[in-house]
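See below for the structure under consideration.
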Amino acid sequence: MNKEELEKIKQKALDEHIPIIMDDTLEVVDKILKEIKPKKILEIGTAVGYSAICFSEYLQEGGKIDTIERDEERIEEAKVNIKKVGVEDKINIYTGDAVEILPTLNEKYDVVFIDAAKGKYPFFLNQALRMINKNGVILADNILYKGYVMSDYNKHKQRTAVRNLREYIKEVTENPNIQTEILEVGDGLAISKIKIS
Ligand code: SAH
Ligand code: MG
C-alpha cells in the first residue's frame, strides 16, 4: 500500500471537511482488525474511501471489503483514491442508498463498520446482524454524536438521529447474544462482539 498517497488522501478529506474516521478511533479499529484478521468486511458509508483503504491492510490473503456509498461524486473520488494506493483488488463499492442495497446482500462478514446516516443505525444493525459471522464484530462510528446522545437537550435537527442512536445502543446492550463496549474515542465508537449467530 502506498502510505504517502494515503496521507495525501487523508489531508484532502480533512481540508474538505469530509467526516473520515478520526485517528484515535482508527487506532482502536486497527487493533480489532489485527486480532480478527477478517476475510470479509462490510462498510456502510465509503465517503472518499479513506477508512476502507486503511482497513484493507488487515484483510486475510484474498480477503475483500464491500463498501456502500450513495454520493456519486464521493464514489468517483473513492475509486481514484483506491487505485492510487493500489488496493483496487481488495475493495468493492456498491453505489446507492444502503437502505436499498443492504437487503439485497446475502454474504457473510467478519466485521461490519457502520458509518452513514445516523437515523438509520437500527436498520443497519438489523442488516448487519443478518450477515455477521459468529465471533464477528459490528462497529458503529459516531455513536455518541458530539455528546448529544448523552445529554437531555437536543436541537430539533438532531432529534431523529439521537433517538435512533439511543435505540441502537439499547438494542446492542439488551441483546444477550451481543457483548458491547462503547468507547469515547473520536465521536464515539460502539464495539459489539457477536457470541452466537
Ligand atoms: N467511512 C468513511 C466516512 C464516511 S462519512 C471514512 O471514515 O473514511 C459518511 C458517508 O455515508 C457519506 O459519504 C454519506 O454520503 C454516506 N451515506 C450516508 N447515508 C447513506 C446511505 N443511506 N446510503 C449510502 N451512503 C450513505
Ligand atoms: Mg464516522
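Here are the numbers for this structure:
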item	result
Loop trypsin sites (Lys or Arg not before Pro), segment 69-172 (other Cβ atoms within 10 Å of the site Cβ: 11 or fewer; DSSP)	Lys155
Extent along principal axes [Cα atoms of segment 3-194; Å; largest to smallest]	44, 37, 31
Span from the segment 162-177 Cα centroid across to the segment 15-66 one, whole angstrom	23 Å
Rg and Dmax [Cα atoms of segment 79-169; Å; Rg one decimal, Dmax integer]	15.4, 46
Sequence-separation-based contact order of the chain, relative, with Cα cut under 8 Å and 6+ spacing, percent	19 percent
Rounded percent of accessible protein surface that carbon and sulfur make up, segment 3-194, 1.4 Å probe	47 percent
Flagged links, alpha-carbon separation over 28 Å, of Lys3/Lys157; Lys84/Lys118; Lys31/Lys79; Lys64/Lys195	Lys3/Lys157; Lys84/Lys118
Where only C-alpha atoms are counted, convex hull volume of segment 10-91 per residue in Å³	84 Å³
Debye, to nearest 20: dipole size of the chain, +1 on Lys, Arg Cβ, -1 on Asp, Glu Cβ	600 debye
FRET efficiency estimate (nearest 0.05) - Cβ-Cβ, Asp152 to Met22, R0 22 angstrom	0.30
For the chain, the longest site-free run once GluC sites (Glu not before Pro) in DSSP loop states with at most 11 other Cβ atoms within 10 Å are removed	108-197
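The values are calculated or read from the model by the stated rules, or taken from the named source; none is laboratory data. As the structure is a computational prediction, the values presented were derived from the model and not from experiment. Glycine gets a Cβ as well: all are built from the backbone with ideal geometry, and neighbour counts include every protein chain shown. Surface areas here come from the heavy atoms of the whole protein model, side chains and all, with no ligands, DNA or RNA. Shrake-Rupley method; radii C 1.70, N 1.55, O 1.52, S 1.80 Å.
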